[in-house]
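See structure below.
The values are calculated or read from the model by the stated rules, or taken from the named source; none is laboratory data. Only a predicted model underlies this, so the values are computations on that prediction, with no experimental measurement involved. Here the Cβ positions follow ideal geometry from the backbone for every residue, glycine too, while neighbour counts run over all protein chains shown. Please note that ligands, DNA and RNA were not included when accessible areas were found on the heavy atoms of the full protein model with its side chains. Shrake-Rupley method; radii C 1.70, N 1.55, O 1.52, S 1.80 Å.
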Amino acid sequence: MPLRARTPRVASLGKAAMCVGHTPHWGRSPLVVIPSSPHHPGVAEAAMSETLRPDPVDALLAILDLERLETDLFRGISPRIGWPRVFGGQVVAQALVAASRTVEASRPPHSLHAYFLLGGDPAVPIVYEVERIRDGGSFTTRRVKAIQKGRAIFAMSVSFHVTEAGHEHAAERPDVPGPGDLADARTLVREGGSIVPEPMLAYFTQAWPIELRPVETERYRDRLPKPARYHVWMRATKPLPDDPAVHRAVLAYASDMTLLDATLIPHGRTVFDPEIQSASLDHALWFHRPFRADSWLLYAQDSPSASGALGFARGTFHDENGHLIASVAQEGLIRQRRP
């Protein structure tokens, strides 16, 4: 399903787009576009609902298939699975799709810079307004504003670049076990039994469009401070269409799934902890080389700083052949809740 050619059918997507992953955030900050939930479904409830939902990858592709309202105006919906906030990665991915639909396919995006402004309401469609900032000889720039209820909830700039030859170098992929040597996150938390918090267990035992295989598994089982490094193998749970725009949008979605959690590793905490209020505040992504999001990608994450209730994290995506394909940076709120 190409993301550049779409027949308007937003009304039909309401039931199809019901099972898309989210960052596990349990706070109520008005700044958040990551979902929070005062009542997260338990394990039994999650298992039951899993059998009633459509394939999660199909659902993700459905919400990325935006409706064009006007030349530079698009509308997207959110999965309706009970959370009061829209997942930040979803908004980044949808905004990237909107911007890409105003640029020729021969100019792929090479970078995006985004700010989360207000919490998104998953029950209300999101309107994406694209502003054509520049169409140059080699570079094209777009600005995207996501609007709900007459207010901007998100803003992003995207730069596109014609494909051309140039100097080549890249950082090496970290030397960590491959995905074939690791268990998936769902198996890990199940095996953790009673020592794994219920919200974490419920989150990982649901069906998501992205499969996760973490390398540093001990952080799921204890609260001991550790070095601020975190490696996760990721891929879409089934093959995606061959359109490169689809793979870039899915990577943008996945890039917000685990990154902020890296800022809490040195403190023996996670975003699942009820005493932590967390929220993505800004997000930057650079595309370096072609890739497929349905093949294994290593997301190498670290956090060089946390201060003043803000955490900063970085990440790089590498394919199984060792190629560096994308880089990410994010700052987020990691506030200790008052008793």
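Structure summary
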{"read-out": "Residue satisfying condition, being at pLDDT 95 or above, touching a Ser or Thr at 6+ places or on another chain (Cβ under 6 Å) and among the β-branched types (V, I, T), within set I133, I153, I147, I126", "value": "I133"}
{"read-out": "Filtered residue count, the stretch 286-317, keeping only those that are open to solvent by less than 20 Å² (accessible area, probe 1.4 Å) and closer than 19 Å to L182 by Cα", "value": "7"}
{"read-out": "Residue within the stretch 230-240 that is within 15 Å of the chain's Cα centre (by Cα) and basic (K, R) present", "value": "yes"}
{"read-out": "Enumerated strands (runs of 3 or more DSSP E) restricted to the stretch 117-179, each holding at least 3 residues that are touching a strand residue (DSSP E or B) at 6+ places or on another chain (Cβ under 6 Å) and open to solvent by 60 Å² or more (accessible area, probe 1.4 Å)", "value": "126-135, 139-148"}
{"read-out": "Residue within the stretch 144-167 that is among the charged types (D, E, K, R) and under 20 Å from the mean Cα position of the chain (by Cα) present", "value": "yes"}
{"read-out": "Counted residues, the stretch 215-248 - those being open to solvent by 70 Å² or more (accessible area, probe 1.4 Å) and closer than 18 Å to Q90 by Cα", "value": "2"}
{"read-out": "Unique residue being closer than 26 Å to L96 by Cβ, touching a residue at least 40 places away in the same chain (Cβ under 8 Å) and surrounded by 13 or more Cβ atoms within 10 Å (Cβ to Cβ) when the list is L264, L212", "value": "L212"}
{"read-out": "Residue in the stretch 318-338 that is hydroxyl-bearing (S, T, Y), in contact with a Lys or Arg (Cβ under 9 Å, 6 or more places away or on another chain), over 24 Å from L117 (Cα atoms) and open to solvent by 20 Å² or more (accessible area, probe 1.4 Å) present", "value": "no"}
{"read-out": "Matching option when the condition is modelled with pLDDT of 85 or more, open to solvent by less than 50 Å² (accessible area, probe 1.4 Å) and either under 17 Å from H247 (Cβ atoms) or not hydroxyl-bearing (S, T, Y) (or both), among P109, P35", "value": "P109"}
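Condition check ((1) under 18 Å from E129 (Cα atoms); (2) in contact with a strand residue (DSSP E or B) (Cβ under 9 Å, 6 or more places away or on another chain); (3) not in a helix (DSSP H, G or I)) across all residues:
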position	(1), (2), (3)
D58	no, no, no
I63	yes, yes, no
L69	yes, yes, yes
R75	yes, yes, yes
S78	yes, yes, yes
Q90	yes, yes, no
Q94	yes, yes, no
